[in-house]
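Quick note: the coordinates plus some simple rules give every number you see, no bench work behind them. The shown structure was predicted, so the numbers you read here are calculated from the model rather than taken from an experiment. Here the Cβ positions follow ideal geometry from the backbone for every residue, glycine too, while neighbour counts run over all protein chains shown.
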């Protein structure tokens with residue numbers, strides 16, 4: 001769902017930067033009051049895991065499309081909505097600058113569409129209410145069921161909101177070759193399927209954490225989740241290894257089909273599927289000085305464009321991208337935490 005600069009006018013792009021900036025500012029303010037130092041390594045490793053997970057596009061059968069996880073629900077369930085949102089900003093910014101994934105002018109919109117809904121709407125309206133409910137009864141089995149339900153519902157709803165926002169932002173930008181109704185009719189169903197798969201992936205990760213260190217999950221009734229089987233260090237190590245394996249190895253198996261947004265815009269006629277909106281992938285949307293400047297900056301900062309070595313098709317580029325990107329995301333997340341004074345044990349007065 002990473003938007004390109006050609007889909008946005010400068011005015012809409014600036015508005016989305018402002019909206020995402022306000023949400024980031026509020027998150028920073030709230031995190032400065034946090035006193036849960038165990039979140040520090042968890043934030044680093046889960047941010048790296050989400051970066052790696054986003055590299056794997058999974059095929060949506062029968063459509064000619066593919067999807068990848070966003071990760072907002074996963075991060076907010078483990079870190080809380082504010083830390084999850086800042087982690088997503090780190091991920092999306094690094095993807096944009098170093099890997100040319102998503103436009104630089106569109107970064108504010110991509111943060112809003114892919115991070116805000118999962119981290120805030122997904123957490124406050126879905127994760128927290130379900131986890132604090134008595135759905136499925138009492139006991140650990142019921143708690144597992146609530147985790148799975150919240151993960152799946154949260155991912156589906158947040159992906160639907162994000163996909164609809166893409167349509168709105170594009171329409172407000174005045175791209176007349178994209179009829180609103182037809183664009184909605186393509187974007188919403190395909191992202192429903194993508195959201196369902198992400199929900200299952202998110203549930204699997206969160207259930208592993210629940211069995212290992214249940215206190216890491218937000219809004220958990222710890223009387224039902226006591227007795228984790230692994231130490232915090234072991235959980236962090238396992239998640240770090242998974243991030244490296246996914247980013248450095250499994251990413252090589254990612255689907256070559258276009259993702260949901262690209263599929264809606266360009267179709268996949270080469271593989272025998274529909275053309276959908278039928279846009280020319282080499283020449284579509286808006287252009288202008290702002291977009292050209294953003295593209296020039298990206299060209300200079302992206303040392304592994306499209307997660308590959310420049311002018312090379314070797315699979316090693318993908319492996320290096322996955323490992324290097326995961327490490328950079330984890331490192332930047334740690335630096336931001338230290339610089340902002342987040343997750344330090346506060347002295348009681």
With an 8 Å cut-off on Cα pairs and a minimum separation of 6 or more residues, tell me the relative contact order of the chain in percent. 31 percent
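Based on a Kirkwood Rh over C-alpha pairs, give the Stokes-Einstein translational diffusion coefficient of the stretch 1-53 at 37 °C and viscosity 0.692 mPa s in µm²/s. Don't skip to the answer; put the middle values down first.
Values: Rh = 13.9 Å.
This corresponds to a translational diffusion coefficient of 237 µm²/s.
Among 117, 123, 58, 210, what is the fewest-to-most ranking by other Cβ atoms within 10 Å?
Values: 117 25, 123 29, 58 18, 210 21.
Fewest-to-most ranking of 117, 123, 58, 210: 58, 210, 117, 123.
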Cα-only Debye scattering, the stretch 1-135: base-10 log of I(q)/I(0) at q = 0.12, 0.16 Å⁻¹: -0.50, -0.85
Euclidean distance of C-alpha centroids, the stretch 248-320 and the stretch 37-68, integer Å: 18 Å
Rounded to the nearest 500 deg cm²/dmol, what is the calculated helix-only ellipticity per residue at 222 nm for the chain, with -39500 (n - 2.57) per DSSP H run of length n ≥ 4? -19500 deg cm²/dmol
For the stretch 94-135, the spread of Cα positions along each principal axis, largest first, Å: 45, 15, 9
Ordered by fewest other Cβ atoms within 10 Å, a rough proxy for footprinting exposure, 20, 158, 65 read 20, 65, 158
How far apart, in nanometres, would the label points at residue 287 and residue 176 be if each is projected 7 angstrom from Cα along the Cα-to-Cβ direction? 1.9 nm
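Would you list 337, 155 from fewest to most Cβ contacts within 10 Å?
Numbers: 337 23, 155 29.
In order of increasing Cβ crowding within 10 Å: 337, 155.
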Expected output is a single nm value to one decimal: the length gained when fully extending between residue 253 and residue 334, i.e. 0.36 nm times separation in residues minus the C-alpha distance. What is it? 26.2 nm
Ellipsoid equivalent to the stretch 46-112 - semi-axes via the Cα gyration tensor, in Å: 20, 16, 10
